[in-house]
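Chemist: Have a look at this one before I ask anything.
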Amino acid sequence: MIIRIIKYCVFLCFFFLFFSCNGGLEKNNTKLEQVDQFIKSYNRFNVSERDKTSADSVGKVLLGLKNTPESRDILRKYILLTGSDRVYIDELFKRSGKKEDLKNEAQAYFLLGQLFGKKFQTDSTFYNYTKAA
């Protein structure tokens, strides 16, 4: 009788552990899908104040996501679309460096070059463009 109860408890523990782990992945994927939908619907040429605040809140959600290839790609798209500041580019550098993701690291150098180009710092612009190549 006691062995049967122990087996039942062990089974329940594994059952709850299995489903609790999958819930986290689904939650992360849902956030990625929602952010991707926002990026696809964002109009960067006609931006209202409401759109800017929405973009800021989406950016904060992006910073909280796990470091996966999908989240780095969406972060890169977000930076390209919104013309974000250096905080997001530095985050892309950090995440790409941890996972040795050379593609997104090169994209981060490119985005940093674009940022310096907007500020008319041509020497830094060309330096980052050559690092991206």
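Chemist: Once you put a point 7 Å from the Cα of S54 and another 7 Å from the Cα of K103, both along the Cβ direction, what distance in nm separates them?
Modeler: The answer from the label model is 2.8 nm.
Chemist: Something else about it: Convert each backbone phi in the range 119-128 into a coupling constant with the Karplus relation 6.51 cos²θ - 1.76 cosθ + 1.60 (shift: θ = phi - 60°), then list the ³J(HN,Hα) values in order as whole Hz, x for Gly and Pro.
Modeler: For the range 119-128, the Karplus curve yields 8, 6, 9, 5, 5, 5, 4, 5, 4, 6 Hz.
Chemist: Can you give me the accessible area per residue for the range 24-133, using a 1.4 Å probe, in Å²?
Modeler: On the way: 6970 Å² over 110 residues.
Accessible surface, normalised per residue, equals 63 Å².
Chemist: With all pairs of different alpha carbon atoms counted, what Kirkwood hydrodynamic radius in Å does the range 39-131 show?
Modeler: On the way: mean 1/r = 0.0731 Å⁻¹.
Taking the inverse mean of 1/r over all distinct Cα pairs, the range 39-131 comes out at 13.7 Å.
The values are calculated or read from the model by the stated rules, or taken from the named source; none is laboratory data. Note that the structure is a prediction, hence the values are computed from the model and not measured. Note that we place each Cβ from the backbone using ideal geometry, even for glycine, and neighbour counts take in every protein chain shown. Just so you know, the surface numbers come from the protein's heavy atoms only, side chains and all, with ligands and any DNA or RNA stripped out. Shrake-Rupley method; radii C 1.70, N 1.55, O 1.52, S 1.80 Å.
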